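Below you'll find the structure, written out as structure tokens, and then a few comments.
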Amino acid sequence: MNDARGVSRWQLCLLGSVVVAALGCSVETEPVVQQREQALTPSEIRTLGFDEVTDWYKFSGAGTLQASTQHSQGTSSVKVSGMGFIGIRNSTPITKDEHPAPAVVGYDVWVPTNPVNPNWHGDTQLYITAPSAGIYEQYLGQRSFQNLPKGSSCAWNFRSPTPSGRS
């Protein structure tokens, strides 16, 4: 697990052990801390890009998920449609704990030309779950479509949470 600076607990323990050992020796040495980095897999990249509808599933609500050729990045997108609330989650676990958490997370949203309800154009909310970091269904924010230009793409960004127990 990483703290807010991206330093994992084992790195801190290793550093603490090296400092204690260095204090007992007359030779001054710099502690060597190695951090393993692993690239995201193609399926993780595809999931984070919302390129494949099968990487996502509806867990709540009445709406539907469909593949769409309308996209701002990548090759396609996930279209959420229907009246009312829909909650979706990714089905590909993203488990790269050795990477520091990003400061901001976000996604692009296409605002429809003709909203289903002319008096309310909808909104989007983001919750994040990262069990290895002690984060469960943490609310990151909400953005309204109400005053956005119809028929356009809009990027939504949310501040990432600090994992529980860390500052």
The local net charge around residue 68, scoring Lys/Arg +1 and Asp/Glu -1 for residues other than residue 68 whose Cβ lies under 14 Å from its Cβ, equals -3
Amide H contacts of residue 79 (H built 1.01 Å from N, under 5 Å, at least 5 apart or other chain): 66, 67, 68
Whole-Hz couplings from phi, Karplus 6.51/-1.76/1.60, listed for segment 39-48; x for Gly and Pro: 5, 5, 6, x, 5, 5, 5, 4, 5, 5
Two pseudo-spin positions, 7 Å from Cα along C-beta at residue 119 and at residue 57, lie apart in nanometres by 3.7
If the chain between residue 129 and residue 94 were fully stretched, how many nm would it gain, using 0.36 nm times the residue separation less the Cα-Cα distance? 11.5 nm
Subtracting the Cα-Cα distance from 0.36 nm times the residue separation, let me have the gained length for residue 66 to residue 41 in nm, one decimal. 6.7 nm
Per-residue counts of other Cβ atoms within 10 Å, averaged by peptide: what ranking do you get for 128-135, 57-64, highest first? 128-135, 57-64
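Read-outs throughout are calculated quantities, based only on the coordinates presented, and are distinct from any laboratory measurement. These numbers come from a predicted model, not from an experiment. Counting neighbours? That spans all protein chains shown, and the Cβs are built from the backbone with ideal geometry, glycine included.
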